[in-house]
Every structure is written in structure tokens, then in C-alpha cells.
1. When GLY157 is evaluated against the numbered criteria (1) buried (at least 19 other Cβ atoms within 10 Å of the Cβ); (2) among the small types (Gly, Ala, Ser); (3) under 18 Å from the mean Cα position of the chain (by Cα), which criterion, by number, is the only one it fails?
2. List the residue pairs whose Cβ atoms are under 8 Å apart, where the first residue sits in segment 13-24 and is open to solvent by 70 Å² or more (accessible area, probe 1.4 Å), the second is among the hydroxyl-bearing types (Ser, Thr, Tyr), and the two are 6 or more positions apart or on different chains.
3. Can you tell me which condition ARG181 does not meet? The list is (1) open to solvent by 60 Å² or more (accessible area, probe 1.4 Å); (2) assigned to a strand (DSSP E or B), and all the others hold.
4. Of THR88, THR60, which residue is of a type in the set (S, T, N, Q), more than 20 Å from ALA280 (Cβ to Cβ) and surrounded by fewer than 21 Cβ atoms within 10 Å (Cβ to Cβ)?
5. Considering segment 192-209 alone, what residues qualify as being part of a loop (DSSP other than H, G, I, E, B) and more than 20 Å from the chain's Cα centre (by Cα)?
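The values are calculated or read from the model by the stated rules, or taken from the named source; none is laboratory data. Here the structure is a predicted model, which is why all the values come from computation and not from measurement. In this analysis, Cβ positions are derived from the backbone assuming ideal geometry, glycine residues included, and neighbour counts consider all displayed protein chains. With ligands, DNA and RNA removed, areas are computed over all heavy atoms of the protein, side chains included. Shrake-Rupley method; radii C 1.70, N 1.55, O 1.52, S 1.80 Å.
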Amino acid sequence: MDDRRRSDDEQAARWSGASGNAWVDTQALLDDMLRPFEELLIEAMPAGRTGQVLDVGCGTGGTTVAVARRLGPAGRCVGLDISEPMITAARARAEREDTPVSFIRADAQEHAFEPATFDTVISRFGVMFFNDPVRAFANLRGAARDGAALRFIVWRGPAENPFMTTAERAAAPLLPNLPVRRPDEPGQFAFADADRVRRILTESGWSGIDIRPVDVPCTLPERELIRYFTRLGPVGRVLPEADEETRARVVETVRAAFDSFVQGTEVRFTSACWLVGARATSASSPSASPASS
């Protein structure tokens, strides 16, 4: 088995196991916390627009369902994710909310899409986990019609997102097996480098690339903070392996590290992200203006 296949399998196992289940269990919390990003994607979708939309890394389907409601009966929205529990939750959400969308459990790097199907491809934090991002975006380009729009949101670097690394920085002395983030590896900050993002999209056949910084205020209830950092992220991944005494020390230490973000009954922080846009233009089509970042 080559390294790429092994990495792909590890990602699938992770998101269909503990990480995927954690996202399902905290679905309502994450929906509320990430809603501002959902709105950034939806605002570019005219109500009643015709055509087909693909939501990549759709998770539990919040953005997919919201886009489908925005489009109305004239459009069709498809969500795709590698995680079995998250896709199951997404289907249940769509049925519960009586919204006509469809979901595919598959890896966007390999899935055999019907060629030239989608008019728009979107993602809310769902494209940073590809082991081979050029291959993934080339596959998505093949699924897009000429002239289709690509629009996604990814995180900028960890230095600009201190809230997102507070738990692991505080817990590191107590959890020696805590995963270490490495630049350009699949993960939350894999697309922090705007030049790398532009290069990936160019090499995979997209053009008219536009990369803009967005700083988005986010909140979550203070009462949910401990559940948030003990279920999600690097700390959430390894904490279940620790003994009871260590877990208690980690919770106490990490909770105190978040004090600067707590304001009354809310936790408030700013998310530093890139809003990325591109077009699926053919080789003979005129390109859009050069990207800026």
C-alpha cells in the first residue's frame, strides 16, 4: 500500500470514527458557532437561482440544507463528505427539516462524479483535509461545468487564530501524545498559505482565483466551553486515552487558559479565514483578473 493510499484510509477511518462522531454529538453547538461562515457562502447565492450546487466536506449538512432553502425548487443541492456518521446525520437533518437535498458518502479526491454537472461548488471548512489537494480540486473541476463558480472558506494560520490553538497549547505539558500540527499537512490550517492555495487551484485547472482575508466574530455559550475542547480538536482526540486524574488536570488547566475569551455567559473570539473564489473556465476562455490576497 503506498503512502498516499494509507493516508487516505487514515482520514476515512478518523472521520468515520471518533472525530466524525464528535462532530455529530456537538452538531447544534457547531452549527451556531459556524453560522456566520454559512451566511458568507449563502449571500452569493441568488434566491431562486437555477442549477446544481455541490457542497464539499458538508459534514452534518447545515450549509447544504441552508443553500437548498435559499435556491428553492429551481435548484438542486448535493452534499458530499467522507464521514459515514456525519452523512447519516445530514440525511436525518434534511428529512427533519423537509428540505429536498441529496448526500453522497465519498472522498472528493476519488469520487466518480458525472462530468460537467455542477454550476457552483462550495465548502465551509471542508477542503483542508485532502492528502492530495491538487488531485481533489482537479476532480472537482471535472465535475463542474465551464463557467461554474468555486467558493470556499478555510482558516488562515494558527498565529492569527489563537482561540483555535488555546486548548492544545495549555494541555501539551500534560498530554505528551498530543498530535503536533505541521504546515501543509491535512488539517485545520493546511490552507493557511494563500500562495499555496492559489498554486493548488491553478494546477488543478481553476482560474480567476480570488483570495480575500475575512475576520469573523464568533461566539459559543460559556457553559459549552468544556464540552467543546474535550470533544473536538487535538485535545478531544487524545483526552479519552488519559487516566481520570490526568483528564481532570487537563480540564482545569485548559478551562483557565480560555479565561481571556470569556465575557459573561459567552465565549467570544475572532476567526481569521480566507474566502476563496475561482472559476471553471476552459483553456480557450478568457481568464478573470489576477487574484489578490
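1. It is condition (1) that GLY157 fails.
2. TRP23/THR60; TRP23/SER83
3. Just one mismatch for ARG181, condition (2).
4. Numbers: THR60 fails: surrounded by fewer than 21 Cβ atoms within 10 Å (Cβ to Cβ).
Unique residue meeting the criteria: THR88.
5. Selection gives GLY205 alone.
Condition check ((1) in contact with a Lys or Arg (Cβ under 8 Å, 6 or more places away or on another chain); (2) among the basic types (Lys, Arg); (3) surrounded by 11 or more Cβ atoms within 10 Å (Cβ to Cβ); (4) under 22 Å from ILE211 (Cβ atoms)) across all residues:
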| residue | (1), (2), (3), (4) |
| --- | --- |
| VAL235 | no, no, yes, no |
| VAL251 | no, no, yes, no |
| ARG268 | no, yes, yes, no |
| ALA280 | yes, no, yes, yes |
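For every residue, the table says whether it meets (1) among the acidic types (Asp, Glu); (2) in contact with a Gly (Cβ under 8 Å, 6 or more places away or on another chain); (3) open to solvent by less than 10 Å² (accessible area, probe 1.4 Å); (4) under 25 Å from GLU252 (Cβ atoms).
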{"residue": "LEU140", "(1), (2), (3), (4)": "no, no, yes, no"}
{"residue": "ASN161", "(1), (2), (3), (4)": "no, no, yes, yes"}
{"residue": "MET164", "(1), (2), (3), (4)": "no, yes, no, yes"}
{"residue": "LEU175", "(1), (2), (3), (4)": "no, no, yes, yes"}
{"residue": "GLU203", "(1), (2), (3), (4)": "yes, no, no, no"}
